[in-house]
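Taking it in order: structure first as structure tokens, then the write-up.
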Amino acid sequence: MSDNNFYREILDNLYDGVYFVDLARKITYWNKGAERLTGYQAGEVLGRCCSDNILMHMDQQGTNLCVGRCPLMIALSENRVHEAEVYLHHKEGHRLPVCVRVAPLIKEGKIIGAVEIFSDNTSKILALERIDELKGAIYTDPLTGVANRHFLEIYLATHLRELQDNDHSLAVALMNIDQLDTVSGIHGDDVRDEVIQMVAKTLLYGSRSFDVVGRWDQDTFLLIMSNITEEKVEIVTNRLRLLIKYSGFSRGNQIIGVTASSGVTLAEAEDTEETLMQRADALMRQSQKTGGDRVSMG
């Protein structure tokens, strides 16, 4: 076995994603871990620029890093290792949080390209394990795999009782998918279902590992956040809004994407499930009335 094949076999057996780019940021190598984490096979990306509608790295503020100082560009231009926590774009459309480490590739004293290694954020693996425990049970939404309304109602009632008995904080975000009827009318129900699945995965991966995401209604999701401040609630829900906005998948020559209207509220000691959800619903409708793609808090 040649040295090149030997090292390639090692890289292909890594759990993490690994890819190489040349000085023009064109992809020259894509390992099996990158295929697993992104959904893109090597044959789909080799020879293409990394920013060419592939990973489209985004930070927590919603900045598209591929059109500015992306991790690869920093490594190439500054000749140094660079690390970052970003959200990559999965082939299925959703956003996935990853830790990236980028280093320049040097041959005979000259930079010839860069290597990026990326891996799942550990906390998100825990979230997936929690969902896996629900699969096959009566608490799972069959289309998306996240918690269903029955589970959300039980979970919410339990945590409201804890709020009344102890000094805990609780917040809910009710999020309705904008433009879903338009998507269905133009592209059909199958694509509509794919959009719902995409949003579910984006919310699951983008939320904190100890919060709960579930499908509340046909086109509405509920996020239940525990032990959280009002300031943190605003940060989390606006991050999720941006992640949904910049998710999308290809159908023919079109990119299918949507936004979300959210109503967010913190629970008070005297709240019941009904009063809390009525408040969240009213705030969500307020976001819808002002054009969507908005978080209304109250």
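The values are calculated or read from the model by the stated rules, or taken from the named source; none is laboratory data. Predicted model only: the values in this text are computed from it and were never measured. Because the Cβ atoms are built from the backbone with ideal geometry, glycine has one as well, and the counts that use them run over all protein chains shown. Side chains are part of the model used for accessible areas, which takes the heavy atoms of the whole protein and leaves out ligands, DNA and RNA. Shrake-Rupley method; radii C 1.70, N 1.55, O 1.52, S 1.80 Å.
Under the classification rounded if a/c is under 1.5, otherwise prolate if a/b is larger than b/c and oblate if not, where does the range 239-298 fall, given a ≥ b ≥ c as square roots of the Cα gyration tensor eigenvalues? Cα axes put the range 239-298 in the prolate bin. A convex hull fitted around the alpha carbon atoms of the range 193-293 yields 103 Å³ per residue.
Helix 149-165 and the longest principal axis of the Cα set of the chain meet at an angle near 70°. Cα-Cα pairs above 20 Å in the range 17-86: how many percent? Of the Cα pairs, 26 percent sit more than 20 Å apart.
Panel values: the range 10-58, Kirkwood radius from alpha carbon pairs, Stokes-Einstein at 20 °C and 1.002 mPa s, translational diffusion coefficient 199 µm²/s. Using DSSP, restrict attention to beta bridges with both residues in the chain and report what percent are antiparallel, rounded to the nearest 5. Looking only at bridges with both residues in the chain, the antiparallel portion is about 90 percent.
If only the Cβ of Lys and Arg carry +1 and only the Cβ of Asp and Glu carry -1, the dipole of the chain around its Cα centre is close to 1120 debye. Over the range 202-261, the Kirkwood radius and the radius of gyration, each from Cα atoms, give a ratio Rg/Rh of 1.03. When each of the peptides 276-288, 177-189 is scored by how many other beta carbons lie within 10 Å of its residues on average, the order from highest to lowest is 276-288, 177-189. Using C-alpha pairs below 8 Å separated by at least 6 residues, the relative contact order for the chain is 15 percent. As a ratio to 2.2 N^0.38 Å, the alpha-carbon radius of gyration for the range 232-274 is 1.71.
In the context of the full set of protein chains, the chain has a per residue accessible area of 48 Å² (1.4 Å probe).
Treating the angle as unsigned and between 0 and 90°, give the value, to the nearest 10°, between the Cα long axis of helix 122-134 and the longest Cα principal axis of the chain. Long axis of 122-134 versus the principal axis of the chain: about 50 degrees. As a fraction of the 1.4 Å probe accessible area of the range 141-245, surface on carbon and sulfur atoms comes out at 44 percent.
With K and R counted +1 and D and E -1, the other residues having a Cβ less than 11 Å from that of Thr265 yield a net charge of -3. Taking only protein heavy atoms and a 1.4 Å probe, the accessible area of the range 32-102 is 49% carbon and sulfur. Working value for the chain: equivalent-ellipsoid semi-axes of 38, 20, 18 Å, each the square root of 5 times a Cα gyration tensor eigenvalue, largest first.
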